[in-house]
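Worksheet: the structure to be examined is printed underneath.
We did not get these values from a lab; they are worked out from the coordinates using the rules stated. As the structure is a prediction and not an experimental result, all values here were calculated from the model. Methodologically, a virtual Cβ is constructed for each residue, glycine included, from the backbone with ideal geometry; neighbour enumeration extends over all protein chains shown.
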Amino acid sequence: MLADMKGMNEECGVFGIWGHDKAAELTYYGLHSMQHRGQEGAGVVVSDGRELNVHKGLGLVNDVFKQAKFSEFSGDKAVGHVRYSTQGGKTHENVQPLVFRSQTEGMALAHNGNIINADKLRGQLEDQGSILQTSSDTEVLAHLIKRDGMAINETSITAALNRITGAYAFLILTEDKMYAALDPSGVRPLSIGRLGSAYVMASETCAFDQIGATFEREVLPGELITISDDGITSTRFAMRGQRKMCAMEYVYLSRPDSDVNEVNVHAARKRMGMELAKEAPVDADMVIGVPDSSISAAIGYAEASGLPYEMGIIKNRYIGRTFIQPSQELREQGVKLKLAPVRGIVAGKRIVMIDDSVVRGTTSKRIVHMLKQAGASEVHVRIASPPIQYPCYYGIDMSTRDELVAANHSVGDIGKMIGADSIEYLSVIGLKEAIVKDKTIHQGICTACMTGNYPITEDREQQVVYRD
Ligand code: AMP
């Protein structure tokens, strides 16, 4: 059963640039702006038209690249990747872009998403004699492209893409071409930008702003883009399905200054807060948000409710996101290290505490406790997204159902468990309304982790049709 299977979880960022003499350096800056999408490893592969040069490693972008190294990268085309993963291991060979070389040509692959039939394909490839070097699902695509000694081109890439199922945004760099592909449901974001005469590709548009590039358009579901010195071309490797953009990109994953599917993330989060204020009002003294990802929703809640927005929690910005720490015990320590209450603001006050989402419930519990210890008289928790009850198989680390607190407990129980005076979540419809008003587009948003309606399944027969 799909719902019991634990997928390879990768929430990553990809970046590519074609036709700029500072390709490697710009890729570094682009990746830096998408660091929030993955902190376990980073890599850049550059092509000078003759060979692929790779530099990658475990750790943050800054740790992996030292400025001095860019002079060693010659080439005007590059792809880069930041990686977050829970499975596939924190090992160097899984850090992307993955590079494959044959006697005639090489290929670098950078992937955001999750191939859900990777295990099956891996078995088939191994039966046919392939030896896979990594535990990453991305390598499966490389083997499918190079099957039977095929050259790397639109035909072989199209054939390979048609064998994989899942959510993916791929960048492929060969010595003289760059390819970009988005799965037929377009679950993950991928955009095209321009920087002078150069083409830029990025998971998030904040990477364009970072390097002074302009947004051109989104890659379409089922589209294969080819960039070469002759320019850019587009083909369809699959029938364009209805877009199923991941709701969590808006709720939590993407940076507030990015536009996802042409909707600004901060604005969407603010509207989530406004919807929440309408759906779940509270008699309180102030609204506070959990930094950083909940600030936009808290501002929206405050604006719609007329309550003052206050800075009730401070984040130590020198500590990474809690969720990169693997064990529950470490996560709990992480929260303690990362957030501090502003005692002088919250003491004696009735607080509405906005969080963007609850996954395991660890963060909310610690924050409620922290606020109460700092003297808050009441803490009312309002979550700016619906309960996450189902694992994600499309590239977000949502773990197994066992670890999702809302999969196993009622909202009321969660409130008691985290010590809140009250708790309410945003409804699914409220979330969709906040992302986009136009109801005809609501079906184009994937809410599988909240509803269990999986738009893509390994067995296409099982595919669930959205009914809102
Ligand atoms: P917790 O409930 O303790 O697991 O943490 C929930 C917090 O982690 C939320 O407030 C989000 O800011 C953040 N978050 C949201 N989605 C994820 C995710 N897929 N993986 C890790 N953390 C997440």
Need one number: % antiparallel among DSSP beta bridges in the stretch 259-433, to the nearest 5. 25
Shape box of the stretch 55-186 [Cα atoms, principal axes, largest first, Å]: 43, 33, 31
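Just to verify a number: FRET efficiency for Ile314 and Arg217, C-beta to C-beta distance, R0 = 30 Å, to 0.05?
Numbers: r = 39 Å, r/R0 = 1.31.
In this case the efficiency is close to 0.15.
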Normalised by the number of residues in the chain, what is the relative contact order in percent for Cα pairs under 8 Å and 6+ residues apart? 14
Give me the number: length gained by fully extending Lys66 to Arg401, i.e. 0.36 nm times residue separation minus the C-alpha to C-alpha distance, one decimal in nm. 116.6 nm
Approximate spin-label separation Gln373-Ala347, in nm, with each point projected 7 Å along Cα-to-Cβ: 1.6
Computed, not fitted: 222 nm per-residue ellipticity of the chain from DSSP H runs ≥ 4 (each -39500 (n - 2.57)), nearest 500, equal to -7000 deg cm²/dmol
If you project the alpha carbons of the chain onto the principal axes, what extent comes out on each, in Å, largest first? 71, 51, 41
Tell me, what is the percent relative contact order of the stretch 2-243, built from C-alpha pairs under 8 Å that lie six or more residues apart? 21
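Once the piece of chain linking Gln242 and Gln443 is laid out straight, how much longer is it, given 0.36 nm per residue of separation minus the C-alpha distance between them?
Details: separation 201, 0.36 × 201 = 72.36 nm, distance 0.81 nm.
Full extension of this stretch gives 71.6 nm more.
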Past 26 Å, Cα to Cα: identify those pairs from Lys278/Lys338; Lys315/Lys349; Lys278/Lys437, in the order given. Lys278/Lys338
